[in-house]
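> To start, I am sharing the structure in question, which I have written as structure tokens.
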């Protein structure tokens with residue numbers, strides 16, 4: 001994938017899955033996200049927002065490090081968790097990055113034990129992630145990348161309080177929201193936790 005200074009191990013995995021050319025969204029956002037800036041990405045469903053989050057998480061972390069979580073990605077449902085885990089399984093193949101997906105149907109004790117062994121990336125539904133961190137006392141200060149996929153949908157369902165609660169436990173991190181449209185609620189939450197966020201908004205018709 002022709003992205004500037006992309007991790008070669010990431011690029012190798014992308015090529016093996018026929019992702020040779022970055023789409024418009026990936027081209028526009030890659031350098032900015034790589035720089036560490038807070039971002040809000042608004043684009044129609046099917047435009048590659050989830051894949052963009054996965055690619056940038058792998059680029060950001062690069063390789064396994066320590067025992068504490070360095071990337072936290074929140075998604076709406078169990079199905080979304082499984083979809084994102086599958087993407088990491090494909091694209092993080094050559095990096096050695098450790099990741100886990102957690103959701104309401106999973107075994108919380110098993111998940112906590114896996115995370116305590118060392119996990120670079122956690123993908124999960126907000127309620128499950130909140131439950132795990134509040135009960136297990138995991139350290140969130142090591143989180144360097146905090147992403148919310150379908151942020152407009154999650155915030156409409158009043159999951160924004162969990163995002164705010166989790167963010168309050170993070171010392172310093174990069175926030176990225178992906179959404180279909182920038183709603184008032186998305187702007188309110190961004191204003192509370194982000195630092196001068198950059199907006200990427202597609203003008204394409206969502207139909």
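The values are calculated or read from the model by the stated rules, or taken from the named source; none is laboratory data. Everything numeric here is computed off the predicted structure, so don't read it as measured data. Here Cβ is always computed from backbone atoms with ideal geometry, including for glycine, and neighbour counts include all displayed protein chains.
> Only residues that are part of a helix (DSSP H, G or I) and either at positive phi or surrounded by fewer than 17 Cβ atoms within 10 Å (Cβ to Cβ) (or both): list them for the stretch 155-170, please.
156, 161, 164, 165
To keep it simple, each residue is scored yes or no on (1) in a loop (DSSP other than H, G, I, E, B); (2) within 20 Å of residue 97 (Cα to Cα); (3) in contact with a strand residue (DSSP E or B) (Cβ under 6 Å, 6 or more places away or on another chain).
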{"residue": "13", "(1), (2), (3)": "no, yes, no"}
{"residue": "22", "(1), (2), (3)": "yes, no, no"}
{"residue": "27", "(1), (2), (3)": "no, no, no"}
{"residue": "31", "(1), (2), (3)": "no, no, no"}
{"residue": "34", "(1), (2), (3)": "no, yes, no"}
{"residue": "47", "(1), (2), (3)": "yes, no, no"}
{"residue": "52", "(1), (2), (3)": "no, yes, no"}
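> Next question. Please indicate, with yes or no, whether at least one residue in the stretch 61-83 is within 20 Å of residue 202 (Cα to Cα) and outside any helix (DSSP H, G or I).
Among the residues of the stretch 61-83, not one is within 20 Å of residue 202 (Cα to Cα) and outside any helix (DSSP H, G or I), which makes the answer no.
> Go through the stretch 136-154 and give me each residue that's part of a helix (DSSP H, G or I) and closer than 24 Å to residue 79 by Cα.
Answer for the stretch 136-154, where residues must be part of a helix (DSSP H, G or I) and closer than 24 Å to residue 79 by Cα: 151, 152, 153, 154.
> If the requirement is being in contact with a strand residue (DSSP E or B) (Cβ under 6 Å, 6 or more places away or on another chain) and either closer than 30 Å to residue 117 by Cβ or at pLDDT below 95 (or both), which of these qualifies: 176, 170, 182, 186?
176
> List every residue pair whose Cβ atoms sit under 8 Å apart, with the two residues 6 or more apart in sequence or on different chains, where the first one lies in the stretch 195-207 and is on the phi > 0 side of the Ramachandran plot and assigned to a loop (DSSP other than H, G, I, E, B) and the second, anywhere, is surrounded by 12 or more Cβ atoms within 10 Å (Cβ to Cβ) and at pLDDT 90 or above.
Close Cβ pairs (under 8 Å, with a partner that is surrounded by 12 or more Cβ atoms within 10 Å (Cβ to Cβ) and at pLDDT 90 or above) amount to 196/37; 196/38.
> Considering only the stretch 37-47, state which residues are more than 13 Å from the chain's Cα centre (by Cα), in contact (Cβ under 8 Å) with a residue 24 or more places away in the chain and either closer than 21 Å to residue 189 by Cβ or surrounded by fewer than 20 Cβ atoms within 10 Å (Cβ to Cβ) (or both). It would help to see each step written out before you state the result.
Within the stretch 37-47, the first condition is being more than 13 Å from the chain's Cα centre (by Cα), and the residues that meet it are 37, 42-47.
Imposing the further condition that a residue be in contact (Cβ under 8 Å) with a residue 24 or more places away in the chain reduces the set to 37, 42-45, 47.
37, 42, 43, 44, 45, listed by residue number.
> Shifting gears a bit: Condition test on residue 120, is it closer than 19 Å to residue 195 by Cα, touching a helix residue (DSSP H, G or I) at 6+ places or on another chain (Cβ under 9 Å) and modelled with pLDDT of 95 or more?
no
> Pairs needed: first member in the stretch 23-36, at positive phi and surrounded by 20 or more Cβ atoms within 10 Å (Cβ to Cβ); second member anywhere, in a loop (DSSP other than H, G, I, E, B) and modelled with pLDDT under 90; C-beta distance under 8 Å; at least 6 residues apart or different chains.
Sorted first by the residue in the stretch 23-36, then by its partner, the list stays empty.
> Which members of the stretch 133-151 meet the condition of being over 13 Å from the mean Cα position of the chain (by Cα) and closer than 23 Å to residue 58 by Cα?
133, 138, 139, 140, 141, 142
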